[in-house]
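The values are calculated or read from the model by the stated rules, or taken from the named source; none is laboratory data. As the structure is a prediction and not an experimental result, all values here were calculated from the model. Using ideal geometry, Cβ is built from the backbone for each residue, glycine included, and neighbour counts are taken over all protein chains shown.
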Amino acid sequence: MTIASDIMGSILHGALGAPGASGAALPAIEAGPWWVSLIPALPLLACILCGVSAAMRIKSKLPAWITVGCLGVSFALTAAMFQQLAGGRSVTIAWEWINVAWTDSGGHERSLIANFGFYVDSLTCLWMLFVTGLATLIALYASEYMSHDVGTGYCRFFAAFGLFVFSMACLVMGDNLILLYLGWEGVGLCSYLLIGYFYKKPSAVAAAKKAFIMNRIGDLGLALGIFLAFVQFGSVEYKVILEAAQPWLAAAQAGHFDEIPATVQLIPILLMIGAFGKSAQLPLYVWLPDAMEGPTPVSALIHAATMVTAGVYLIARTYPLFLVSEYALPIVAWVGALTALVAATIGMAQFDIKRIMAYSTVSQLGYMFAGLGVLTSTGAAFHVFTHAFFKASLFLSCGAVMHGFAGQLDLRKLSGVGFMKGWQFVAIAMLVGCLNLAGFPFTAGYFSKDMILAEAFVTPHMAPIGWILLLTAGLTAYYTFRVFFRVFVGPKYYEPGDEVHAHSDHGHGDHGHGEHGHDAHGHAGDHGHAAGEFHPHAPGWAINFVLLTLTVLSVGAAGLYFLGDHGGWVGKMVHASSANYPPIVDLAAHSGEAADAHAHADHGAHGSFLGMDPHKVMYYVSGIVGFVGIAIAFALHYVGRKTAATANADKLVPLLGPIPKLAQGKWFVDEVYDLLIVKPLHLISIVFAYIDKLLVDGLVNAFGWVPRGVGSGLRPLQSGNLHSYAVQMAGGVAVLLLIVFLASIAGL
Amino acid sequence: MELVLLILVPLAFAILIALRPAQEAKFHAVIGTLLAAGIGVNALGRFDWGTPATMQLSAAWDWLPTLGLRLSVGVDSVSLMLIALTLLLGPICVFCSFTAIQEKERTYYGWLLVLQAAMTGVFASRDIVLFYTCFEFTLVPMYVLISLFGSTNRKAAATKFFLYTFTGSVITLAGLVYIAWFNATQLDSIGIQSAGRWTFDIAALEAAAQAMPANVQGWLLLAMMCGFAIKIPLFPVHTWLPLAHTEAPTAGSVVLAGVLLKLGTYGMFRFVLPFLPAAVLEYAPIIATLSIIGILYGGLICWVQTDVKKLVAYSSVAHLGFCILGLAALNTVGITGSILYMINHGLSTGALFLLIGMVYERYHTRSMKELGGLACKMPVWATFMVFFTMASVGLPGLNGFISEFMCLMGAFQAGDKWGSLPGGTGGDLGFWYALIAGLGMIIAAMYLLYMVGRVVWGPLVLPAGHDDHGHDGGGSHGPLPTDLCAREIFVLLPLAVLCIALGLFPKPVIKALEPAVNNVVETINATGKRPDAASGVKAMNDLPGLPSSADVRHVSDADVSVASSSPTVQWGGALSGGDK
C-alpha cells in the first residue's frame, strides 16, 4: 500500500523533519546525489561538442555518435536516479543562479532565490525516463535520417538536438519555477532552430517564427503566474509552493472556495496559459501543425513525444495549486476536450500524412488536458507516457516513408507501401502505432485513453466532456486508419516527392560551401538515379532498429497498466508525487486501506455512464467506438480502392456540403487570426511609425525652428561648427552657474 | 588613483594620437584602450567586494574652494560595473573600426578615446559639477564621430543629437545647481553636516535634497528628467536616437547604445531616486507608464522597419523601457534588474550593432529588402547574429533574461494590494503594469525574429552588384573575406562569453549590486514617506517661487534643522568656511 506508507512517511517527516509545517503531506526533501546534475549536463556537453565539430568542419557522422552516446549515458543515469528514488523527494543544487535579498517594510528578510537545482520525485523520474530514452533512440534514428547533410547541417542539427534535451531536462527537473521557465523557453528556442532547419525554405522560416511567437504568448502567462506565485508565497521553489498550498486543499475538497484568497486561485489560471501555448491547445494550437516543416525526427521527439507534453507536466507538477482554484481545472478540462475535437475534425480532412499526425498530436494533448481537468492526473500522465512511444513510432514511420519516397507525404500519391520490398518493419511499426492511437482493445493507448474517458463520466458535471471525448475517440480511429489503409495497404503505387530533383534540398546546410549551393540541377545524378527512374530506398538498420524498439515499447507500455491498482505503474508514480489526486492530505483522514478502496469517495455523487459504472463499462464502450471508427475507415478507404488517388470516401464528400472544404482549410483559424490580430497590429505599427516621424519628431523639429526664426541675427552661432557648439555649451554652463551664484548673493 | 588614471590615460593617448602621424593612430588607440582596460581590471581587483555599497577608490582635489568645487571621484559597485562595461567596449570599438575607417584616422581614434574618458568620468565622479562636465562633454566627441564618419544624413543627425540632448541636460544642470543653492543657503549645518555652505558633493547634496518638501522635489524631478529622459531615451523624447544610431559609424552606435544611453539611466539611479524620494514615490506610475508606452510603441515601430540598423535602434527605445520600468518599481528586485539591464543591453545591443556593421562593410546596405538569407554565405556571422538576437529577445540562460525578468517582476511586486504578502513590496504599479509591459516580450520576439528571418534565414538576397555565387573570397568586399575574419570573431567573442556568463552565473553580480540598491530602496521608503515631506509645506505650494527661510522651518524633521539666522550671515559663514 504505497499511499499508506506515504502517509506514514509524511507524518513521520512532519513530526521529525519539518517543525512548524504541521500536516505536511509530502515526504521531506533530502539532498540528492551530485550525479543527478549530469543528466542535464551531458546533453549540454553533446551540444557543445557538436558546436566544436562544426567549428572544426568535421565531415563525418561523429556529431551523431557523440549525441547518441551522451544521451545514452544520460538515460542510464536517469534509470539509476529512478532506482535510488524509493518514493522520496530530493533536491540537488548544481549552483546558485539568482539570489536577491531585501528587508521589507515590516522588517522581514525576503529573498528571491532560484538555483540551478534539480528536484527529483517520482513525477520527475516518470518524465525523464521517457524523455532521455526516446531522445537516445531518436538521435540514433536521426543519425541515418539526416545522413544527406553530413558535413553541412549535421553538426547544427545535433547541437540543437542536445540543447533541446538539456532544456527539457531543466524544465522537468528544475526545483523552481524560474528554472522551469528557462527550460520552457529553451525548448522553444530549439524548436525554433529545428523547425527552421531547412532555412532556405521560406515556409520553414515562417513556421519557426510562428512557433516561437505563439509560445511567447503563452510564456507571458507563465511568467505572470510565476510572479504571482512569488508574491503570494514569497518563493518560486516547489518545496515552498507545494507545501504552502496544502492548508487550502481541505477547504477546496469541501467546496469552500470562498475561504481561499483570490490571488491563490488566480495563479493556476495564469500558469495554464503557458501550458496552452507550449502544448498547442486552443486557442494557441496553430503553430504545431506548421512545425512539421522541421525534419521528421524533430517532429517525433519535440512536437509529439516530449516538448509538447510540458504543459501537462506543468499542471501535474503544480497540481495542488490547480486543486485549490475553483475554475482552473474545469477550464483546463473544457479547453482540452474542445481542442481534442477540433483537431480531430481537421485531421480527418488533411492529405499530408505528417500533418494528420500533427493534428492527432494536438488532439491527444487535448485528451491529456481533459484528463487533468477531470481529476485523473494519473490518466493524463499515463496517456503522456503511452502517447510518447506510439506517436514517436508513428512519426518515425511517416519519416521513413518521406525519406524513402523523396519527401512524398500525400496519401493520394502513395499506396501499398507495406507490400514493397524492405518496408515490412515500417508497416508493422505503423500498424501498431495506429492501433494504439485508435484505442484498439488491449493496446497501451486503449488503457490510457480509457482512464480519462471513464473518469470524465465519474467526475461530477464533467459528463459532456466525456461525450465529446468519446466522439473524438471514434474520429481518431477513423482518421488514423484512413492513413493506414491508404498508404500501407491496397494496390502498390507511388509518386516520388519533389525532393527527387534536389536531394540536397534536405537542408543545404549552413556552411555555404559552393558545392552545396543553389545549383541543385547538378545533383540529380548524384544518387545514381535520374528523375525518370526513381527508386524508393528502404530504410537501413538504424531506422529499422529504432522502429522495432519503439514498437515493442509501445506494446509493452500496456503491461504497465497491470503493475498495480489505480493506473498501474504510472499511477504508482503519480500517487507518490505532488500530482496525486485525491490529495494525500485529504486521505489522511481515512485509514490507508479505506482510502484505497474509496478513492472516489470525495467526488460526492459518483457519476455514471447511462446508469452504469463508467470504470467498468468504458472498457467496452471505448473498444466498440474504436472498432466502429476503424470499420468506417476500412469501408471508405480500403474496400474497392483501385488507385492511390481515389476511394469510396470521395463519393461521400459532396453529401456533406461545405464541411469537408472547411475542415480541409483547418476551419480557417489561421486566416481569422491573421485578419483579426496580425493585420490590425501591422496597420497600427505603420501608423505608429508615421506618427513618430511626423508628429513626435515633427514637434521637436518645430521647437528647433522657433529659435531659428527668431534669432536670425544670431546666425553665426548656429553655423554647425563644432567649436561654436562647444563654446556655447561651456558658455551655457558658465552663465547658469553665474545666475544662480548672483541670485543667491543679491536676493538673499 | 585608478579612477583618475582611467580618465587621464585615454585623454593622454588622444593627445598622443593628435601629435603623431596618422598611420600610428590605430596602434596608439589599441594601446590606450587596452591600457585603460588593464587599469580597470586592477581597479576591479582592488575594489572591496565585501562592502560594495560604500564609495571606494576615492580621490579628491580642491578645485575652486570658494565655490565648494572639488574634483572628486569614487565608485560603488554600480558605478564600477558600468565603468567596466565602458572599458570593455573601448578596445572593441577600436578593433571593429580597422577596416571601416580609412581616412581621418587621427580625428576618429582621438575623439573615440576622449569619449571613453568622458564616459568614465560620468560614472566615477562624486561631484555634481564634474559629473555634469563629463556628462555634457560626451556630446562633443559623439558629435564629431557622427558628423564626420556617419553615413548620408550624418550632419542633420549629429546636429539634432547635439542640440536635443544638450537642451535637456541644461535644465538638469539647473535642477542640480538649485539643490546646491538650497543646501548652501536654506539649510543650516545642525542636522546635515554639510549644509549651510557651498558644496557640490553628491553625498552631501543627497541629504539636502531629501529634506526638501515634496512639491519642490516634484519640480526638481521634472528638471532632472529633462536631461536624463532624453538621454535614455524615454518616450516621447526619443526621436533623436533612431536618427543618430542609423547615421553613426559602427563604433559610434556601439558606444551610443552600450554606454551613452546608460548615462541617463545611471543619472536616474544616482540622482533622481535617492535625491527626490518623495517625488519619485509620487511620480513612479507616470514614469512607468511612459516606459511602457516606449516598450510597446518602440517595439511595434521596429516591426515595420526595413532598415536593419534602424530596427535595432528603435529596439533600444523598447529595451530601455524595461530598464526604466524596473527603476520605477522602486524595489530591490526591480532596481537590481534595471542595473543589470544597463549592462546587458550594452553587451547584446552593442554586439548587434557590430554585426550589422560587419555586413554593412561588405555589402554597403542596411536595407532588409537588399539583404537576405546570409546564413549560407556567412555561417559564422549568422551564428553570432542568432545568438545575440536571442540574448536581446531575453532568452533564459543568456544575460537579457535575468534583467528583463527582474524588471518585470519588480513592477509586478509593486502592487498596492500586495504590500502585506510575503513576496510583495507594495507600491503603485502591480499586475496590469507587468502584464502590459510583458506584451513587450512578445513584440520583441516578433520584430527580432522578423529581422533574423529576413536577414539570416530564407533564400539568399544580395544587393545588385554583388555576385551571389561568390566563392571567391569576396572581391567586392575589399580586404574582408566573405565570412567573418579572425579580428571580427575576436571582437564578438568576449561579448558572447559575457552574455552566457551573466546569464548562467549572475549571482555574484547581483550580490554586488544588492547592498547599493537596498540603500536606495531604504532611503526612498524611509524619507519619501514621511508625512510632512509627502504633504509638503503649505506656504510652498506656490512654486516655482523660492522658499523663504521661514517656510523652510516646516521642513524640519528629527534629523533636519532649519536656518534661523539670516541667510546673508549664513552665506558669509559658508565663504569663511570655505576659506579655511
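Go through the residues of the range A:243-263 one by one and say whether even a single one is in contact (Cβ under 8 Å) with a residue 40 or more places away in the chain and hydroxyl-bearing (Ser, Thr, Tyr).
Checking the range A:243-263: not a single residue is in contact (Cβ under 8 Å) with a residue 40 or more places away in the chain and hydroxyl-bearing (Ser, Thr, Tyr).
Residues that are surrounded by fewer than 22 Cβ atoms within 10 Å (Cβ to Cβ), part of a helix (DSSP H, G or I) and away from every other protein chain (no Cβ under 11 Å): does the range B:124-135 have at least one?
Checking the range B:124-135: at least one residue is surrounded by fewer than 22 Cβ atoms within 10 Å (Cβ to Cβ), part of a helix (DSSP H, G or I) and away from every other protein chain (no Cβ under 11 Å).
With the requirement that a residue be free of Cβ contacts under 8 Å to residues at least 24 places away in the same chain and of a type outside the set (A, V, I, L, M, F, W, C), what does the range A:78-115 give you?
The answer is A:83, A:96, A:99, A:103, A:104, A:105, A:106, A:107, A:108, A:109, A:111.
How about the range A:373-424: which of its residues are in a helix (DSSP H, G or I) and of a type in the set (S, T, N, Q)?
Here is the first cut: in the range A:373-424, the residues in a helix (DSSP H, G or I) are A:373, A:377-404, A:417-419, A:424.
Scanning the range A:373-424 gives A:377, A:378, A:386, A:393, A:397, A:424.
Counting only residues that are crowded, with 20+ Cβ neighbours inside 10 Å and either of a type in the set (Lys, Arg) or part of a helix (DSSP H, G or I) (or both), how many does the range B:141-158 have? Step through it out loud before you land on a result.
Initial filter on the range B:141-158 (crowded, with 20+ Cβ neighbours inside 10 Å): B:141-147, B:149-150, B:154, B:157-158.
Those left that are additionally either of a type in the set (Lys, Arg) or part of a helix (DSSP H, G or I) (or both): B:141-147, B:149, B:154, B:157-158.
Total meeting the criteria: 11.
Can you spot a residue in the range A:394-412 that is of a type in the set (Phe, Trp, Tyr) and at pLDDT below 90?
We begin by selecting, within the range A:394-412, every residue of a type in the set (Phe, Trp, Tyr); these are A:395, A:405.
Next cut, at pLDDT below 90 only: A:405.
Within the range A:394-412, one or more residues are of a type in the set (Phe, Trp, Tyr) and at pLDDT below 90.
Identify the residue in the range A:457-494 that is closer than 20 Å to residue A:363 by Cβ and in contact with a His (Cβ under 8 Å, 6 or more places away or on another chain) and, among all such residues, is surrounded by the fewest Cβ atoms within 10 Å (Cβ to Cβ).
A:485
For the range B:368-381, give me the residue count where each residue is surrounded by fewer than 24 Cβ atoms within 10 Å (Cβ to Cβ), within 10 Å of chain A (Cβ to nearest Cβ) and part of a helix (DSSP H, G or I).
Total meeting the criteria: 2.
Could you list, in sequence order, all residues of the range A:78-97 that are surrounded by 21 or more Cβ atoms within 10 Å (Cβ to Cβ) and within 23 Å of residue B:403 (Cβ to Cβ)?
Within the range A:78-97, A:97 is the sole residue that qualifies.
Scan (1) buried (at least 24 other Cβ atoms within 10 Å of the Cβ); (2) within 12 Å of chain A (Cβ to nearest Cβ); (3) within 25 Å of residue B:239 (Cβ to Cβ); (4) of a type outside the set (Val, Ile, Thr) for the single condition residue B:186 breaks and write down its number.
Tallying (1) buried (at least 24 other Cβ atoms within 10 Å of the Cβ); (2) within 12 Å of chain A (Cβ to nearest Cβ); (3) within 25 Å of residue B:239 (Cβ to Cβ); (4) of a type outside the set (Val, Ile, Thr), residue B:186 fails exactly one: (3).
Tell me, yes or no, whether the range A:235-251 has at least one residue that is surrounded by fewer than 24 Cβ atoms within 10 Å (Cβ to Cβ), at the interface with chain B (Cβ under 8 Å from one of its Cβ atoms) and either part of a helix (DSSP H, G or I) or at pLDDT 90 or above (or both).
Yes, there is a match, as at least one residue in the range A:235-251 is surrounded by fewer than 24 Cβ atoms within 10 Å (Cβ to Cβ), at the interface with chain B (Cβ under 8 Å from one of its Cβ atoms) and either part of a helix (DSSP H, G or I) or at pLDDT 90 or above (or both).
Given the condition farther than 30 Å from residue B:201 by Cβ, crowded, with 24+ Cβ neighbours inside 10 Å and in contact with a Pro (Cβ under 8 Å, 6 or more places away or on another chain), answer yes or no: does some residue in the range B:306-313 qualify?
Taking every residue of the range B:306-313 in turn, at least one turns out to be farther than 30 Å from residue B:201 by Cβ, crowded, with 24+ Cβ neighbours inside 10 Å and in contact with a Pro (Cβ under 8 Å, 6 or more places away or on another chain).
Out of B:313, B:284, B:288, report the one residue that is over 30 Å from residue B:177 (Cα atoms), touching a helix residue (DSSP H, G or I) at 6+ places or on another chain (Cβ under 6 Å) and in contact (Cβ under 8 Å) with a residue 40 or more places away in the chain. Steps first, please.
Numbers: B:284 fails: over 30 Å from residue B:177 (Cα atoms); B:288 fails: over 30 Å from residue B:177 (Cα atoms).
From the options B:313, B:284, B:288, the qualifying one is B:313.
Enumerate the pairs (first residue in the range B:151-169 and within 11 Å of another protein chain (Cβ to nearest Cβ) and within 16 Å of residue A:697 (Cβ to Cβ); second residue anywhere and assigned to a helix (DSSP H, G or I) and polar (S, T, N, Q)) with beta-carbon separation below 7 Å, excluding pairs fewer than 6 apart on the same chain, so at least 6 apart or on different chains.
So the pair list comes out as B:158/B:147.
Going through the range B:410-452 one residue at a time, which ones are over 27 Å from the mean Cα position of the chain (by Cα) and acidic (Asp, Glu)?
Listed by number, the list holds a single entry, B:416.
When you look at residue A:206, is it buried (at least 24 other Cβ atoms within 10 Å of the Cβ) and either assigned to a helix (DSSP H, G or I) or within 9 Å of chain B (Cβ to nearest Cβ) (or both), yes or no?
Spelling it out, it is not the case that residue A:206 is buried (at least 24 other Cβ atoms within 10 Å of the Cβ) and either assigned to a helix (DSSP H, G or I) or within 9 Å of chain B (Cβ to nearest Cβ) (or both).
Does residue A:228 count as over 24 Å from residue A:285 (Cβ atoms) and buried (at least 24 other Cβ atoms within 10 Å of the Cβ)?
yes
For residue A:192, indicate whether it is within 13 Å of chain B (Cβ to nearest Cβ) and either touching a His at 6+ places or on another chain (Cβ under 7 Å) or outside any helix (DSSP H, G or I) (or both). Quick ask: steps written out before the conclusion?
Values: within 13 Å of chain B (Cβ to nearest Cβ): yes; either touching a His at 6+ places or on another chain (Cβ under 7 Å) or outside any helix (DSSP H, G or I) (or both): no.
When the stated conditions are applied, residue A:192 does not pass them.
Within the bounds of the range A:672-681, is there any residue that is in a helix (DSSP H, G or I), out of contact with any Asp or Glu (no Cβ under 8 Å at 6 or more places or on another chain) and touching a residue at least 12 places away in the same chain (Cβ under 8 Å)? Spell out how you get there, then give the answer.
Initially, the range A:672-681 is screened for residues in a helix (DSSP H, G or I), giving A:672-681.
Right, trim to out of contact with any Asp or Glu (no Cβ under 8 Å at 6 or more places or on another chain) and you get A:672-681.
Still in the list and also touching a residue at least 12 places away in the same chain (Cβ under 8 Å): A:673.
There is at least one residue in the range A:672-681 that is in a helix (DSSP H, G or I), out of contact with any Asp or Glu (no Cβ under 8 Å at 6 or more places or on another chain) and touching a residue at least 12 places away in the same chain (Cβ under 8 Å).
Determine whether the range A:657-668 contains at least one residue that is within 30 Å of residue B:301 (Cα to Cα) and at pLDDT below 90. Working first, answer last.
Narrowing the range A:657-668 to residues within 30 Å of residue B:301 (Cα to Cα): A:668.
Now drop any that are not at pLDDT below 90, which leaves A:668.
Among the residues of the range A:657-668, at least one is within 30 Å of residue B:301 (Cα to Cα) and at pLDDT below 90, which makes the answer yes.
Working only within the range B:399-451, note down all residues that are more than 7 Å from every other protein chain (Cβ to nearest Cβ), surrounded by 24 or more Cβ atoms within 10 Å (Cβ to Cβ) and outside any helix (DSSP H, G or I).
B:414, B:415, B:427, B:429
Could you look through the range B:80-103, keep only residues that are free of Cβ contacts under 8 Å to residues at least 60 places away in the same chain and over 16 Å from residue B:498 (Cβ atoms), and pick out the one that is farthest from the other protein chains (Cβ to nearest Cβ)?
B:102
Run down A:363, A:325 and say which single residue is crowded, with 24+ Cβ neighbours inside 10 Å and either outside the structural domain of residue A:300 (by TED's automatic domain parsing) or in contact with a Pro (Cβ under 6 Å, 6 or more places away or on another chain) (or both). Spell out how you get there, then give the answer.
Values: A:363 fails: either outside the structural domain of residue A:300 (by TED's automatic domain parsing) or in contact with a Pro (Cβ under 6 Å, 6 or more places away or on another chain) (or both).
That would be A:325, the only listed residue that is crowded, with 24+ Cβ neighbours inside 10 Å and either outside the structural domain of residue A:300 (by TED's automatic domain parsing) or in contact with a Pro (Cβ under 6 Å, 6 or more places away or on another chain) (or both).
On the basis of being closer than 30 Å to residue B:151 by Cα and surrounded by 23 or more Cβ atoms within 10 Å (Cβ to Cβ), does residue B:34 make the cut? Walk me through it before giving the result.
On the way: closer than 30 Å to residue B:151 by Cα: yes; surrounded by 23 or more Cβ atoms within 10 Å (Cβ to Cβ): no.
No: the conditions fail for residue B:34.
Identify, by number, the condition in (1) of a type outside the set (Asp, Glu); (2) buried (at least 16 other Cβ atoms within 10 Å of the Cβ); (3) within 29 Å of residue B:105 (Cβ to Cβ); (4) touching a residue at least 24 places away in the same chain (Cβ under 8 Å) that residue B:22 doesn't meet.
Every condition holds for residue B:22 apart from (2).
Restricting the search to the range A:103-120, which residues are within 11 Å of chain B (Cβ to nearest Cβ) and aliphatic (A, V, I, L, M)? Give the derivation first.
In the first step, residues of the range A:103-120 are kept if they are within 11 Å of chain B (Cβ to nearest Cβ); the result is A:103-106, A:108-116.
Once the filter is applied, which keeps residues that are within 11 Å of chain B (Cβ to nearest Cβ) and aliphatic (A, V, I, L, M), the range A:103-120 yields A:112, A:113, A:114.
What number of residues within the range B:58-75 satisfy the criterion of being buried (at least 22 other Cβ atoms within 10 Å of the Cβ) and within 23 Å of the chain's Cα centre (by Cα)?
So the count comes out to 3.
Can we say residue B:73 is at pLDDT 90 or above and under 15 Å from residue B:131 (Cα atoms)?
On the way: at pLDDT 90 or above: yes; under 15 Å from residue B:131 (Cα atoms): yes.
Yes; evaluated as a whole, the condition is true for this residue.
From the residues in the range B:350-367 that are out of contact with any His (no Cβ under 7 Å at 6 or more places or on another chain) and either of a type in the set (D, E, K, R) or closer than 16 Å to residue B:402 by Cβ (or both), which one is farthest from the other protein chains (Cβ to nearest Cβ)?
Step one: list which residues in the range B:350-367 are out of contact with any His (no Cβ under 7 Å at 6 or more places or on another chain), which gives B:350-361, B:364-367.
Going one step further and asking which of them are either of a type in the set (D, E, K, R) or closer than 16 Å to residue B:402 by Cβ (or both), we end up with B:361, B:366.
Numbers: B:361: 18, B:366: 16 Å.
My answer is B:361.
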